[in-house]
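Novice: Here's a structure for you.
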Amino acid sequence: MSFFSVVIPLYNKENHIQKTLNSVLSQSFTDFEIIIINDGSTDNSLDKVQEIKDSRINIYTTPNHGVSKARNTGILKSNSQYICFLDADDFWYENHLSQMKRLLDSFPECGLFATSYYRRINNILLKNKYHNIPNNEDWSGIIENYFDASLVNSIAWTSTVMVPKFIFDNVGFFDEKITLGAGEDTDMWIRIALKYPVAFNNIVTGYHNLDADNRI
């Protein structure tokens, strides 16, 4: 059993998926499996994934049902107790999983773990600011009020969060009725934050690629 399961929903991201996947394979913390849910891609996304050979990569192809169904399928296919999510056009720095492990070791009672991230726009990286969170880059702790802290930028962004698997048994899975990538992730983080404490690390461990093609 791997320590982390990394769930990547994939739909028509042939120009990005190899860079995204290689960012996972370059992690300093190496005890993980990768679960790619090829959600009915019609481009060369699947071929691009299959060009990369690593025993930790598991690929499942399904009809196109949207990102919520793809993530839920990935959770059900996972063999670890800790689920990390990564969108197929985003990027992790090599410290991402090691910082997730650090957060988990420090705050095991939490239901949602998140790290800071850049937003990549026009090839420029912009660091987020959070409300009532210390600015020092190495700060970590339990967020006193998830909703207050997310007033400026959201504490939780899909590609830099981790959720213990049992949490989904208690709050449910991603809502498959929310379609077109319109808030299904925010809905999930809210449901978790209403029931469990949230741990946050102000170290940047990835970027949200707003320059990618085929975005909503």
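Novice: Once you have a ≥ b ≥ c as the square roots of the Cα gyration tensor eigenvalues for the stretch 1-60, tell me rounded if a/c is under 1.5, and otherwise prolate or oblate according to whether a/b is larger than b/c. Numbers along the way, then the final one.
Specialist: Numbers: a/c = 2.22, a/b = 1.69, b/c = 1.31.
It is prolate, given that a/c is not under 1.5 and a/b is the larger ratio.
Novice: Would you mind calculating the relative contact order of the chain from Cα pairs under 8 angstrom and at least 6 residues apart, reporting the percent as a whole number?
Specialist: Working: 449 pairs, mean separation 58.8, N = 216.
Relative contact order here is 27 percent.
Novice: Scan the stretch 18-120 for GluC sites (Glu not before Pro) in coil per DSSP, keeping those whose Cβ has at most 12 other Cβ atoms within 10 Å, and list them by number. Intermediate results must be reported in sequence, preceding the final value.
Specialist: Values: sites: Glu33, Glu51, Glu94, Glu109; in loops: Glu51, Glu94, Glu109.
The qualifying sites are Glu51, Glu109.
Novice: Based on Cα coordinates alone, diagonalise the gyration tensor for the stretch 48-151, multiply each eigenvalue by 5, take square roots, and list the semi-axes in whole Å, largest first. It would help to have the intermediate numbers written out before the result.
Specialist: Numbers: eigenvalues 159, 68, 46 Å².
Whole-Å semi-axes of the equivalent ellipsoid: 28, 18, 15.
Novice: Please report the carbon-and-sulfur percent of the accessible area for the chain; probe 1.4 Å, protein heavy atoms only, DNA, RNA and ligands left out. Intermediate results must be reported in sequence, preceding the final value.
Specialist: On the way: 4750 of 9700 Å².
On the chain, the fraction of accessible area on carbon and sulfur atoms equals 49 percent.
Novice: Also, I was wondering about something else. Measuring with a 1.4 Å probe in the full set of protein chains, what accessible area per residue, in whole Å², belongs to the stretch 119-208?
Specialist: Working: 4490 Å² over 90 residues.
Spelled out: the 1.4 Å probe surface of the stretch 119-208, per residue, equals 50 Å².
Novice: What spacing in nm lies between the two simple spin-label points modelled at Asp105 and His65, each 7 Å away from Cα in the Cβ direction?
Specialist: 3.8
Novice: According to the square roots a ≥ b ≥ c of the eigenvalues of the Cα gyration tensor, what is the shape class of the stretch 135-216, taking rounded for a/c under 1.5, prolate for a/b larger than b/c otherwise, and oblate for the remainder?
Specialist: Details: a/c = 1.88, a/b = 1.11, b/c = 1.70.
Verdict is oblate for the stretch 135-216.
Novice: Additional query: For Ile121, project a label point 7 Å along Cα to C-beta. Then give me every residue of the stretch 186-210 with its amide nitrogen under 11 Å of that point.
Specialist: 210
Novice: Let me ask another. Using r as the Cβ-Cβ distance of Ser55 and Asn15, and R0 as 22 Å, what FRET efficiency do you calculate, to the nearest 0.05? Walk me through the intermediate numbers first.
Specialist: Numbers: r = 26 Å, r/R0 = 1.16.
Rounded to the nearest 0.05, the efficiency is 0.30.
Novice: Nearest 20 debye, what's the magnitude of the dipole of the stretch 23-168 about its Cα centre given +1 on Lys and Arg Cβ and -1 on Asp and Glu Cβ? Kindly include the intermediate steps, with their values, before the conclusion.
Specialist: Working: 13 positive and 17 negative charges, 31 e Å.
Using Cβ point charges on Lys, Arg, Asp and Glu, the stretch 23-168 gives about 140 debye.
Novice: Still on this structure, I have one more. Rg and Dmax of the stretch 134-180, Cα atoms, in Å?
Specialist: Radius of gyration, then largest Cα-Cα span, for the stretch 134-180: 13.7, 39 Å.
Novice: Another question, if that's okay. Out of residues 5 or more away from Ile34 or on other chains, whose amide H comes under 5 Å of its own, with H placed 1.01 Å from N in the peptide plane?
Specialist: Under 5 Å from the amide H of Ile34: Val6, Ile57, Asn58.
Novice: Rounded, prolate or oblate: pick one for the stretch 26-71, where a ≥ b ≥ c are the square roots of the eigenvalues of its C-alpha gyration tensor, a/c under 1.5 means rounded, and failing that, prolate if a/b is larger than b/c, else oblate.
Specialist: Details: a/c = 2.77, a/b = 1.57, b/c = 1.77.
Oblate shape, in that a/c is at least 1.5 and b/c is the bigger or equal ratio.
Novice: Taking Cα atoms, how many degrees apart are the long axis of helix 96-106 and the longest axis of the chain, rounded to 10 and kept between 0 and 90?
Specialist: Orientation of helix 96-106: about 40 degrees from the principal axis.
Novice: Placing +1 at every Lys and Arg Cβ and -1 at every Asp and Glu Cβ, with all other atoms neutral, what dipole size does the stretch 155-200 have around its Cα centre, in debye to the nearest 20? Walk me through the intermediate numbers first.
Specialist: Values: 4 positive and 6 negative charges, 34 e Å.
Its charge dipole is roughly 160 debye.
Novice: Rg and Dmax in Å for the stretch 57-216, alpha carbons only: what are they?
Specialist: That works out to 15.2, 45 Å for Rg and Dmax.
Novice: A follow-up question, please. How much FRET efficiency would the formula 1/(1 + (r/R0)^6) give for Asp47 and Leu151, where r is the Cβ-Cβ distance and R0 is 41 Å, rounded to 0.05? Present the calculation step by step, with values, prior to reporting the outcome.
Specialist: Values: r = 43 Å, r/R0 = 1.04.
Working from the Cβ atoms, E equals 0.45.
Novice: I would also like to ask the following. Report the charge-dipole magnitude of the stretch 93-140 in Debye, nearest 20, computed about the Cα centre from +1 at each Lys and Arg Cβ and -1 at each Asp and Glu Cβ. Numbers along the way, then the final one.
Specialist: Working: 6 positive and 5 negative charges, 59 e Å.
Here the size comes out at about 280 debye.
Novice: Per 0.36 nm of contour for each residue apart, how much would the distance between Met1 and Lys177 grow if the chain were fully extended, relative to their Cα-Cα spacing? Kindly include the intermediate steps, with their values, before the conclusion.
Specialist: Details: separation 176, 0.36 × 176 = 63.36 nm, distance 3.17 nm.
60.2 nm is the gain from fully extending Met1 to Lys177.
Novice: How far is helix 184-193 tilted off the main Cα axis of the chain, in degrees rounded to 10, range 0 to 90?
Specialist: 30
The values are calculated or read from the model by the stated rules, or taken from the named source; none is laboratory data. Predicted model, so just to flag it, every value in this text is computed and none were measured. Because the Cβ atoms are built from the backbone with ideal geometry, glycine has one as well, and the counts that use them run over all protein chains shown. Only protein heavy atoms, including side chains, enter the accessible area calculation; ligands, DNA and RNA are left aside. Shrake-Rupley method; radii C 1.70, N 1.55, O 1.52, S 1.80 Å.
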